[in-house]
Amino acid sequence: MPITTDMRKYGETVREQGKVALDEARKPWYAAVGAGDLAYGQLSQQLTQLPVEVQARLRRLQSGAGQIDAVHLRSAVETAAQQAVGAYGAYATQARETYESLAHRGELVVRRLRRSPEVKETFSKAEELVTEAGQAVAAAEEKVTKPGPVTTGKPATSRKAPAKRTAKA
């Protein structure tokens, strides 16, 4: 088999194994991104609901404002604002804790994958193929760059050349 055919086969094998390895390696990162997206979505949903709750309380207070004096109204608004700030802080803390938990979980997954025999075997095979490919390239380069036989400048001795075959049509 010519070297180029071997190299092509090795290249295709390495490419296919690399695709499989990359697909498997990407899964934990995709899971981490998905978890982050989920946390962000839930946090943003809760934060969008928070102003609605504050506005509803404010409307209730304003509707009863004729019965309550300005001091009581101001106090109620300040209390609602403090509750909103507290809720925001609680949501932010929850999001941070969830993020830390997911990061730890992702780290454990990466460690497990690094110890996985399948992953180790795939990288071992890839290293072998790369080494073999490097050796084949070096051998091909040596053949190409190696100087040919030295000529002395003397005419070659007359030998009878073998008769050429004619191709049958």
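The values are calculated or read from the model by the stated rules, or taken from the named source; none is laboratory data. Given the structure is predicted, the values throughout are model-derived calculations rather than measurements. All Cβ positions, glycine included, derive from the backbone under ideal geometry; neighbour counts span all protein chains shown.
So the check is Cβ under 8 Å with 6+ separation or different chains; which pairs have a first residue in segment 100-128 that's in contact (Cβ under 8 Å) with a residue 40 or more places away in the chain and of a type in the set (S, T, N, Q) and a second one that's surrounded by 14 or more Cβ atoms within 10 Å (Cβ to Cβ) and in a helix (DSSP H, G or I)? From residues that are in contact (Cβ under 8 Å) with a residue 40 or more places away in the chain and of a type in the set (S, T, N, Q), the pairs are 122/17; 122/21.
What do you reckon, is residue 77 part of a helix (DSSP H, G or I) and either touching a Pro at 6+ places or on another chain (Cβ under 7 Å) or under 30 Å from residue 22 (Cβ atoms) (or both)? So residue 77 fails the test.
Quick check on segment 117-129. Is at least one of its residues within 23 Å of residue 35 (Cα to Cα) and assigned to a helix (DSSP H, G or I)? Checked segment 117-129: no residue is within 23 Å of residue 35 (Cα to Cα) and assigned to a helix (DSSP H, G or I).
Consider residue 103 carefully, then state whether it is at pLDDT below 85, surrounded by 12 or more Cβ atoms within 10 Å (Cβ to Cβ) and in contact with a Leu (Cβ under 7 Å, 6 or more places away or on another chain). For residue 103, the condition - at pLDDT below 85, surrounded by 12 or more Cβ atoms within 10 Å (Cβ to Cβ) and in contact with a Leu (Cβ under 7 Å, 6 or more places away or on another chain) - is not met.
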